[in-house]
Amino acid sequence: MKNNSYDAETYKGLVIHSDENFLYLLISILRGDSEYFVLVTTKNNVIIDYKEIGLIGDENPITFKILPSFIIEEYQGNGPNLKAFEKLKINAAGKIVKE
């Protein structure tokens, strides 16, 4: 991630899906008072695609949900009644695309 302009103080990763073809990772990147969330897809230990899907620590946080179908819904702010401003999915090639 450092090679892709995501140099940070701290990185944390969480595997959200793993099978014989792909590994999906959610990476938390801490820089100062901001925390970025990046979804990464890999195959055979090579990054296929990545996309920033969340940001907290800013006046306008971007929150997200990852549904069981791996549809990613992004929201402006946080709260129970928000409407997604963008929906993404991971296609069969491992690319993160708009739904």
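The values are calculated or read from the model by the stated rules, or taken from the named source; none is laboratory data. Predicted model, so just to flag it, every value in this text is computed and none were measured. Reconstructed Cβ throughout: ideal geometry from the backbone, glycine too, with neighbour counts over all protein chains shown. Heads up: the accessible areas ignore ligands, DNA and RNA and are worked out on the full protein's heavy atoms, side chains in. Shrake-Rupley method; radii C 1.70, N 1.55, O 1.52, S 1.80 Å.
Among the listed pairs LYS51/LYS89; LYS12/LYS51; LYS65/LYS98; LYS51/LYS83; LYS12/LYS83; LYS65/LYS89, which are separated by more than 18 Å between their Cα atoms?
Going by Cα-Cα distance, LYS51/LYS83; LYS12/LYS83 fall outside the 18 Å limit.
For GLU59 and ASN44 in one chain, what is 0.36 nm times their gap in residues minus the Cα-Cα distance, to one decimal in nm?
Stretched fully, the GLU59-ASN44 segment lengthens by 1.6 nm.
Run through every distinct alpha carbon pair of the chain and return the Kirkwood hydrodynamic radius in angstroms, one decimal place.
On the way: mean 1/r = 0.0710 Å⁻¹.
So the Kirkwood estimate lands at 14.1 Å.
Could you tell me what percent of the accessible area of the chain is made up of carbon and sulfur, with a 1.4 Å probe and every protein chain present?
Numbers: 3000 of 6300 Å².
Solvent-exposed carbon and sulfur of the chain make up 48 percent of the total.
Counting heavy atoms of the protein chains only and a 1.4 Å probe, report the per residue accessible area for the chain as a whole number of Å².
That works out to 64 Å² per residue.
Name the residue from LEU82, THR10, ASN45 whose Cα lies farthest towards the positive end of the charge dipole of the chain, charges +1 on Cβ of Lys and Arg and -1 on Cβ of Asp and Glu.
It is ASN45, whose Cα lies furthest towards the positive end.
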